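Worksheet: one structure, shown below.
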Amino acid sequence: MSLTQNRYEVIKSNKYPLLITLIFLSCTFYVSFFIDNPTSSGDALFYFFAGKQILDGEGDNVKIVNAPIGGPIIFATLDNFFHDPYITIKIISLLSGSGIVFLSFFIIKNIFGFKIALLGQLFVAINPKMHFQSIIPLNEILPVALIFASFYYITKKQLLPYHIILAALFFGISFMIRYQALLVCIGIVIFLLVRDRKIRKNVFESFLFFGIFLITISPLILYNYSNFGTVLDSDPAAQMLFWNQYQTPEWREGLSHNLGSSSLQEGIFFDFNLFMKNYFQ
């Protein structure tokens, strides 16, 4: 069978997930480029200029609270080809959202089968949050797309070493854009350890996954440590300051004073009653 026939057979056997993905891409592309108001869009340019400053050798002056440098560097690097940062990040968002829709079919198919996978893909494709994240240029949807790419390999029925290596690589890149990928990574390690009774094999695969993950994120760790003296340049209390609904002037002043160096414990126990009120809102 020729390469052309092979491609035709692959497209024919996956015509429905491909069609759903193309419809999703077409709708979000139209809204993103013909309806969306740029002045109401997200924080794309903030990350782009941070990345440009890092690439220009001024990384010592760049500190992005609770966001690694991976996303900004990707945006700034790709802009060398497109020469329009706003359009560049819009394209990244559109392709990431479409990739999630497409990969969701194969991830679910790996676990349940064709019909449930098709239904699951439809639910992903019509999710309003997916449309919003694909239309508005933000820093969130690309790392999610990379996690979905990792899930595609991890959910393989016959898990081979190169599947684990690729999954860990995608997780590592996702982590360098958003730290939240670490929580999912820990879950994957636990899954690899307990998925069956082949203990020696499971331990090897878990170490392989986490080892490749650590190697992938090592440039980010070295950058954080050399510039800020910390492995993870994050500030959980700052996230509370930005997003908590219930705040007091004393609480804001106390956390703002240490912005960039405050800890999770400080954010919780500075005013524990206020933290609980926000937590259970």
Q: Please give the length that would be gained between residue 114 and residue 83 if that part of the chain were fully extended, namely 0.36 nm times their separation in residues minus their C-alpha to C-alpha distance (nm, one decimal).
A: 7.0 nm
Q) Hey, fewest Cβ within 10 Å first, where do 45, 103 land in order? A) 45, 103
Q) Extension gain residue 193-residue 231, at 0.36 nm per residue separation less the Cα-Cα distance, in nm? A) 11.1 nm
Q. Ranked highest first by the average count of other Cβ atoms within 10 Å around their residues, in what order do 88-101, 157-170 fall?
A. 88-101, 157-170
Q.
Could you give each residue of the range 181-189 its phi-based ³J(HN,Hα) in whole Hz, using Karplus coefficients 6.51, -1.76, 1.60 with θ = phi - 60°, and x for Gly or Pro?
A. 4, 4, 5, 5, 4, 4, x, 5, 4
Q | Segment residue 30-residue 61, extension gain: residue separation times 0.36 nm, minus the distance between their alpha carbons | A | 7.4 nm
Q: Using a/c under 1.5 as the rounded threshold, could you call the range 109-245 rounded, prolate or oblate? The axes a ≥ b ≥ c are square roots of the C-alpha gyration tensor eigenvalues, and prolate needs a/b larger than b/c, oblate otherwise.
A: oblate
Q) Among 110, 92, 21, which residue has its Cα positioned farthest towards the positive end of the charge dipole of the range 1-139, with +1 placed on the Cβ of Lys and Arg, -1 on the Cβ of Asp and Glu, and the dipole taken about the Cα centre? A) 110
Q | Cβ-placed point charges (K, R +1; D, E -1), dipole of the range 1-139 about Cα centre in debye, nearest 20 | A | 780
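Any read-out appearing in this document is the output of simple, stated calculations on the displayed coordinates, not a laboratory observation. Just so we're clear, the structure is a prediction, and the values are computed from it rather than from any experiment. Methodologically, a virtual Cβ is constructed for each residue, glycine included, from the backbone with ideal geometry; neighbour enumeration extends over all protein chains shown.
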